[in-house]
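What follows is a short report on a single structure.
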Amino acid sequence: MHVAEAFREAYGAAPHGVWHAPGRVNLIGEHTDYNDGLVLPFAVPWGVSAAVSPRADGVLRLLSVQMPGGPLTIADPGEAEGWARYAAGVVWALREAGHPVGGADVVIDGDLPRGAGLSSSAALEVAVALALDELYGLGLSRMELAVLARRAENDFAGVPSGIMDQAASALGEEGRALLLDCRSLAGRTVPLDLAAHGLTLLIIDTGVRHELADGRYATRRAECERAAKRLGVESLRDVTDLAGALGVLTGAERDRVQHVVTENHRVEAVVGLLRAGAVPEIGALLNASHLSLRDEFAVSCPELDVAVEAAVRGRARGARMTGGGFGGSAIALVPQDREQSVCESVSAAYAERGWRPPRFLAATPSAGARRLA
């Protein structure tokens, strides 16, 4: 195991264990999580692994196989910078919650494309949280770990994300998607057997890297909060009269509300189709979600739009951007016998514009966070 070998080289001893947390793809339900809404993600086969041993002195030493240089020595989590803030933030969140977490030696490795909208930061947080939970005997549930990992991202790393990414990584199950109510944190899995219906979910990594801490994501969240306040509701989840709400609001706030309310309805519709075994029919809802994210929530970009449009021209059943937006990945629901034509259609559209070729990955619902060794 490469990460365990890297740990031994860095610290001169074998790790106490190796833990893995996957990234996620969100099938539908985008920008609804921080509005107390519904989401339907699933864990992907790729993720982040953490080789970890405890330390008695409270010091955190971090090394990423993907980053140059030796281990970072962090006496206080507040000293961490860059990618290390996501790991140090977990230590901070656990301590802030009153859990007796000391130091740790950590080596991180992963095969999840960073910045592709597949939630590499949440995978890193959940892997470290699961490791520290076991090493320090905290006995936390998977949802408790997800909540603490989200606090690390929100309050420590400064990214105002919802709970979806961490929950999908911690609670994912093979062959199933996770229907999560982001208000109550009640979650239940829904069968998602694409192969049985002759389908593949294709991830189209545009290669456009984004950084959700750059302010645009936070702006969208603030717009939603202002709209909820203007409507006199706790969150946009509580908007039941959409027509009435749209009559009150104007500009960006009006558009944001329209997306969030209709996106929650789309999640419920997709779940109904999955439970009815009508998996190919969810494609139209994916298309509608993308149009809403592009036009009402304004989080798409030309590369995502071209990928979605070209995938549908290549006879995908449906496609949409996934993740926070402004870059990253799109997903396409593709009949297995059309996978090549969809890839060729998207690649040709990119070549026409002089863009770098996109990367294609076939995603299957996979197991959530777990100990590997």
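What follows draws every value from the coordinates through simple rules; no lab data is involved. Here the structure is a predicted model, which is why all the values come from computation and not from measurement. Please note: Cβ atoms are built from the backbone with ideal geometry, for glycine as well, and neighbour counts cover all protein chains shown.
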Subject >> Net length gained if the chain between Thr73 and Thr240 were fully extended (0.36 nm per residue, minus Cα distance) >> reply: 55.0 nm
Original post:
Let a ≥ b ≥ c be the square roots of the eigenvalues of the Cα gyration tensor of the chain; is it rounded (a/c under 1.5), or, if not, prolate (a/b larger than b/c) or oblate?
Top reply: prolate
**OP:** For a footprinting-style exposure proxy, rank Met321, Met143 by other Cβ within 10 Å, fewest first.
**Re:** Met143, Met321
Original post:
How would you rank Leu249, Leu286, going from fewest to most other Cβ atoms within 10 Å of each one's own Cβ?
Top reply: Leu249, Leu286
Subject >> Positive-end residue of Ser184, Leu27, Ala146, charge dipole of the chain with Cβ unit charges >> reply: Leu27
**OP:** Return, for the Cα atoms of region 255-373, the radius of gyration and Dmax in Å, separated by a comma.
**Re:** 15.3, 48
**OP:** Count charges around Gly102 for me, please; just the other residues with Cβ under 14 Å from its Cβ, Lys/Arg as +1, Asp/Glu as -1.
**Re:** -2
Original post:
Which residues in region 184-210 have a backbone N closer than 15 Å to a point placed 7 Å from the Cα of Asp337 along the Cα-to-Cβ line?
Top reply: 197-200
Subject >> Two-site FRET efficiency, Ala284 against Asp155, from Cβ-Cβ distance with R₀ of 35 Å, rounded to 0.05 >> reply: 0.35
Original post:
Arg371 label point, 7 Å along Cα→Cβ, cut-off 19 Å on backbone N: hits in region 144-174?
Top reply: 144-146, 170-172
Original post:
Efficiency by 1/(1 + (r/R0)^6): what FRET value for Arg230 and Ala97, r their Cβ-Cβ distance, R0 = 35 Å, to the nearest 0.05?
Top reply: 0.55
**OP:** Rank the residues Ser329, Ser184 as a footprinting-exposure proxy: fewest other Cβ atoms within 10 Å of their Cβ go first.
**Re:** Ser184, Ser329
**OP:** Quick one: net charge around Phe297, please, counting Lys, Arg +1 and Asp, Glu -1 for every other residue with C-beta under 10 Å from its C-beta.
**Re:** -3
Original post:
In what sequence, highest mean first, do 235-248, 6-19 appear when ranked by Cβ atoms within 10 angstrom?
Top reply: 6-19, 235-248
